[in-house]
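Engineer: Let me begin by handing over the structure; questions about it come next.
The values are calculated or read from the model by the stated rules, or taken from the named source; none is laboratory data. Remember, it's a predicted structure, so these values are computed and weren't measured experimentally. Don't worry about glycine lacking a Cβ; one is built from the backbone with ideal geometry, like all the others, and counts go over all protein chains shown.
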Amino acid sequence: MADETNTAPNEAEGDGRFGKARSFVNEKYSAASEAARNGYNQVREKVEDVDFGAVADQVRSYVRSNPGKALLISVGVGFVIGLLLRSEDEE
């Protein structure tokens, strides 16, 4: 019987520790969830504000006025994308 009384307080301590850990994790989860939600909403608002037609017109105008630079930039971007895709296949 002495052993049974000794284990009861330990179980109560364990429940208390578990409860504290659970509340700590819930608080951190709530904070992270709220931060992610806020970040998503900010990005969504910025994307909604962008006029993609105007951006496309600016790109088209830049390419027409600087065809050499545009070609070199596109070759460089293609090369980097190719390296990234190739390295994923080899691993």
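Engineer: Identify all residues within the stretch 40-66 that are of a type in the set (Val, Ile, Thr) and not in a helix (DSSP H, G or I); write none if there are none.
Structural biologist: Val50
Engineer: Which residue out of Val55, Val63 is in contact with a helix residue (DSSP H, G or I) (Cβ under 8 Å, 6 or more places away or on another chain), surrounded by 10 or more Cβ atoms within 10 Å (Cβ to Cβ) and among the β-branched types (Val, Ile, Thr)?
Structural biologist: Among Val55, Val63, only Val63 is in contact with a helix residue (DSSP H, G or I) (Cβ under 8 Å, 6 or more places away or on another chain), surrounded by 10 or more Cβ atoms within 10 Å (Cβ to Cβ) and among the β-branched types (Val, Ile, Thr).
Engineer: Now, a different point. Can you confirm whether Arg37 is at pLDDT below 90, in a helix (DSSP H, G or I) and among the charged types (D, E, K, R)?
Structural biologist: Spelling it out, it is not the case that Arg37 is at pLDDT below 90, in a helix (DSSP H, G or I) and among the charged types (D, E, K, R).
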